[in-house]
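Below is one structure, written out as structure tokens; comments come after it.
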């Protein structure tokens, strides 16, 4: 329905206008919900994609989560940030779908043996500076996403929940139905693997040797 | 306490979480001073957390048409939540339509399966006779040779007509089939209606 969704304020107009918008939607102006979620669309999609790694499934999960947020908007309490609440819904939705698919995406049995809590870095490239401003560049963000997508599911999920979505170790363990010890073991590997993937590019040639190929490194 | 590099790699994640004992922390810090390899691993791992923890890191492009599809679904949801005075009437009409519809369906030789994804659209204007291929574990059908066709390793893509794919509940790929439909619109005006269908089916590969 083009024309029905009107954006009256810019997306970054601040928390107060967001609070106001939430109140309006909660009190019945449901057609303004899109305005409320618009600033978070990409983040919601990215969270779903990081877990499901497939465009079509990620879109479906992201949209389903946004619809659920609309259906349950009255349950939203102002103590939480709206973006956090929305992210939790999409993460749950994506994990639920992943569990449903799990039957046909079994990890190799050998994986279990790797989980002994040790990991040897493959590379000792120096990477002291944090190029945070580089995040403004689209190709940098794409390379971060590709590096993350190249991790095996069990490592990727733990990393996404803990280090991207800032869940606590306990919340991550609960969301995935695994032990706290498993979360920590997988987290260690995920972090070190990502460092191995990113340090030579970011620390030295600054992504000159990217992009990544899944399962192999170009250096 | 003296720690080796292997110790450090094992504990580095907990170290960053602030979850190691004070003795271990002191030992690791002493080690970092002397071992530039482990210092590099520490710096790099910390950078990984800083970059991925930044809200901007995970903001990448949405698939084409994401916004439109979301708005449509939200509009449906909003409309569904607003009961109108004519609601009862509409329900009666809908029930009637459903009855007639199910009767027609029951009569049909091969009933149409519900879409594999409840929110998908079956695709409008895809010629029923078009040869398509379907994802081996997904929900989409594609023009043969589409880059976005997902096939399990050691399997060949399953081919069928678009009509069969729609019946089986598959949804058109937003990339190849949109392109196909856009192109075929041009074909239709050039070659005349009806002819276009034959051309695509006989050539099999609609020149992607």
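Values in this text are rule-based calculations from the coordinates and carry no lab data. Given the structure is predicted, the values throughout are model-derived calculations rather than measurements. Here the Cβ is made from the backbone with ideal geometry for all residues, glycine too, and neighbour counts use every protein chain on show.
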Open item on the list: If packing is taken as the average number of other Cβ atoms within 10 Å across a peptide's residues, how do B:157-169, B:67-79, A:39-51 rank, most packed first?
Closed with: A:39-51, B:157-169, B:67-79
Task: Proxy reagent accessibility, fewest Cβ within 10 Å first, across A:127, B:9, A:85 - done: A:85, B:9, A:127
Open item on the list: Can you give the FRET efficiency to the nearest 0.05 for residue B:178 and residue A:16, using r as the Cβ-Cβ distance and R₀ = 41 Å?
Closed with: 0.50
Task: Peptide ranges A:188-200, B:43-55, B:23-35, A:89-101 listed from the most packed, as the mean C-beta count within 10 angstrom indicates - done: A:188-200, B:43-55, A:89-101, B:23-35
Open item on the list: Rounded, prolate or oblate, given the Cα gyration tensor of region B:5-53, with a/c below 1.5 counting as rounded?
Closed with: oblate
Task: Per-residue average of Cβ from other chains inside 10 Å of A:187-199 - done: 5
Task: Extended-chain gain in nm, criterion 0.36 nm per residue less alpha-carbon gap, residue B:37 and residue B:151 - done: 36.8 nm
Open item on the list: Given a Förster distance of 41 Å, report the FRET efficiency between residue A:136 and residue B:164 from their Cβ-Cβ distance, rounded to the nearest 0.05.
Closed with: 0.30
TODO: Please give the average number of partner chain Cβ atoms lying within 10 Å of the Cβ of each residue in B:63-75, rounded to a whole number.
DONE: 5
Task: residue B:2-residue A:181 pseudo-label distance in nm [points 7 Å out on the Cα-to-Cβ vector] - done: 3.0 nm
Open item on the list: Within 10 Å of each Cβ in A:45-54, how many Cβ atoms from other chains are there, averaged over the peptide?
Closed with: 3
- [ ] Starting from the Cα of residue B:54, step 7 Å toward the Cβ, then list every residue of region A:38-56 with an amide N under 20 Å from that point.
- [x] A:40-47, A:50
